[in-house]
1. With respect to residue 69, determine if the residue is assigned to a helix (DSSP H, G or I), surrounded by 15 or more Cβ atoms within 10 Å (Cβ to Cβ) and not basic (Lys, Arg).
2. For residues in the range 208-240 being farther than 30 Å from residue 45 by Cβ, outside any loop (DSSP other than H, G, I, E, B) and not aliphatic (A, V, I, L, M), which is farthest from the ligand (Cβ to nearest atom)?
3. Go through the range 290-325 and give me each residue that's in contact (Cβ under 8 Å) with a residue 24 or more places away in the chain and more than 16 Å from the ligand (Cβ to nearest atom).
4. Working only within the range 132-144, note down all residues that are in contact (Cβ under 8 Å) with a residue 24 or more places away in the chain and away from the ligand (no atom under 11 Å from the Cβ).
5. Using the structure shown, decide if residue 149 is open to solvent by 50 Å² or more (accessible area, probe 1.4 Å), among the aliphatic types (A, V, I, L, M) and away from the ligand (no atom under 15 Å from the Cβ).
6. Does the range 156-169 hold any residues that are free of Cβ contacts under 8 Å to residues at least 40 places away in the same chain and either away from the ligand (no atom under 16 Å from the Cβ) or assigned to a loop (DSSP other than H, G, I, E, B) (or both), and which are they?
7. Given the conditions (1) open to solvent by less than 40 Å² (accessible area, probe 1.4 Å); (2) more than 12 Å from the ligand (Cβ to nearest atom), and given that residue 129 satisfies all but one, which numbered condition is not satisfied?
8. Does residue 268 satisfy being open to solvent by less than 60 Å² (accessible area, probe 1.4 Å), assigned to a helix (DSSP H, G or I) and more than 16 Å from residue 78 (Cα to Cα)?
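The values are calculated or read from the model by the stated rules, or taken from the named source; none is laboratory data. The structure presented is a predicted model; accordingly, all values stated were derived computationally and were not measured. Here the Cβ positions follow ideal geometry from the backbone for every residue, glycine too, while neighbour counts run over all protein chains shown. These area figures cover heavy atoms from the full protein model, side chains too; ligands, DNA and RNA do not enter into them. Shrake-Rupley method; radii C 1.70, N 1.55, O 1.52, S 1.80 Å.
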Amino acid sequence: MKIERTFPETRMRRIRKNSGLREMLAETNLSRTDLIQPIFIKEDLSGTEEIKTMPGINRLGLDILNDEVGKIVDLGIKSIAVFPVINEEKKDETGSQATLEDNFICHAISSIKKSYPDLIIIADVALDPYTDHGHDGLLDKTGDVDNDLTLPVLREQAVVLAKAGTDIIAPSDMMDGRIKIIRDALEQNDFIDTLILAYSAKFSSKFYGPFKDAVESAKFFGDKTKDTYQMPVANINEALHEVALDIREGADIVMVKPGMPYLDVIKAIKDEFKVPTFAYQVSGEYSMLKNAVDSGLLSNDVIKESLLSFKRAGADCVLTYFASEIARELS
Ligand code: PBG
C-alpha cells in the first residue's frame with residue numbers, strides 16, 4: 001500500500017539514519033585531551049593501597065609513582081591533578097607541612113616532572129590534607145576558618161608547589177582574595193608562566209565524601225561542614241560573582257565543582273565570561289556511577305554519557321577519576 005507522504009515536513013530522524021551521519025553531526029565530542037586524571041599520592045606508602053569508598057582507585061606510593069604516571073601518559077592524557085595523603089603524625093593545627101619546600105608532595109611533583117616534563121601537573125592549594133581538624137585553613141577562636149590569617153599560608157604553599165615544578169596552581173580553599181595574593185606571589189618569584197586554576201564555584205557538597213576518605217582526613221574532619229567558605233548549593237548568581245572576582249584577581253582558568261549536579265552553573269559561566277572553564281566530576285559522582293556499573297545496574301556507557309554532558313554544558317576539560325578508563329576506550 002502506498003503511504004501518503006504529506007507530513008512531517010521536517011524529519012529529525014533523517015539526520016540520525018546511520019552512524020556516519022550521527023558522528024558527523026555530533027555537536028560535541030569527547031577526546032583524551034579533555035580528561036584530567038586526579039591521583040592520590042601517599043607518604044611512606046610502598047606500592048598501592050585501595051581506597052574503599054572509591055572502587056578501582058588506589059593511593060600510590062612514591063616507589064611506584066613514576067610507573068603509574070607513565071601508564072596515564074601512555075594513554076594520551078595530558079594532565080594530572082595530584083593530591084597528597086600525608087603521614088598522620090605530621091598533621092597539625094596549622095597544616096605546617098603544607099609550606100615546607102621539601103615536603104613529600106613537592107618531592108613527588110619534581111620527580112614526576114623529571115620523568116615526564118611535558119605532563120601538565122595541577123596541584124591543589126588548601127590546607128585540609130595537612131591540618132588535624134581537616135579544614136582548608138587556619139582557625140580563629142570560635143573554630144571558624146580565619147580568611148586573612150589563612151591567606152599568607154596559602155601564598156607560601158603556592159610558591160613551594162610552583163618551585164617543585166607544578167604547572168597549574170589550583171586554589172580549592174575558597175578564601176576571599178586568594179587568587180590575587182597567589183598571583184602576586186608567583187609573579188614576584190618569577191613564576192610568570194605558572195597558571196592559576198581557580199576552584200571558583202566550589203559548592204559545600206556532600207559529594208566530596210569519598211575524597212575525605214581518600215586523603216584520610218575523614219576521621220579528623222568528622223561531621224563538621226565547610227559551609228562558611230564553600231558555596232551554598234542553591235546559588236548560581238553567587239557562583240557568577242565568585243568567577244568574576246577570580247578572573248579579575250588573575251585566574252587563568254575557572255572551575256565548577258562538583259560537576260554533574262551543577263551543569264547549569266558551567267553553562268552560565270561559559271556563556272557569561274567565555275574563559276577557559278573546567279569541571280570536576282568529584283569522588284562521590286565517581287563512586288555513584290562506578291557502583292552502578294559494577295553491580296550491573298547501569299551500562300558502562302553512562303560514564304561517557306556523563307562526561308559528554310560536561311562538554312555540552314561548555315566545559316573545556318574535566319577532572320575525573322574515570323580519565324584513564326575512558327582514555328583507554330577512546331584510544
Ligand atoms: C580540598 C579538596 C576537596 C576536593 C578537592 N580538593 C575536598 C573538600 O573541599 O572537602 C574534593 C574532590 C573530590 O571529592 O573528588 N579542599
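1. yes
2. It comes out as 237.
3. 294, 304, 308, 309, 311, 312, 313, 314, 316
4. Across the range 132-144, the qualifying residues are 132, 133, 138, 139, 144.
5. Yes; evaluated as a whole, the condition is true for this residue.
6. Quick first cut of the range 156-169, residues free of Cβ contacts under 8 Å to residues at least 40 places away in the same chain only: 158-159, 162.
The answer is 159, 162.
7. Unmet condition: (2).
8. Answer is yes for this residue.
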